[in-house]
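The values are calculated or read from the model by the stated rules, or taken from the named source; none is laboratory data. Because the structure is a prediction, the values reported are computed rather than measured. Backbone-built Cβ (ideal geometry, glycine too); neighbour counts: all protein chains shown.
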Amino acid sequence: MDKKFDLEDRLVEFAATVVIFCKDLPSDLTGQYYGNQLLSSAGSSALNFGEA
């Protein structure tokens, strides 16, 4: 039986989407700072769920 909502797959897809989004951010100091914060938080949610 397939799960209707597989949270781990959705979190991994979200992290991948955020990576693509962050590539389009400006390369100035603000874009780099917030891009790094966003990448860290989006990636850690998928990794933490996978560990649990």
Query - Residue list for the range 20-47, restricted to those being of a type in the set (S, T, N, Q) and modelled with pLDDT of 90 or more - result: Ser27, Thr30, Gln32, Asn36, Gln37, Ser40, Ser41, Ser44
Query raised in the report: Would you say Leu25 is of a type outside the set (D, E, K, R), outside any helix (DSSP H, G or I) and either surrounded by 11 or more Cβ atoms within 10 Å (Cβ to Cβ) or at positive phi (or both)?
Result: yes
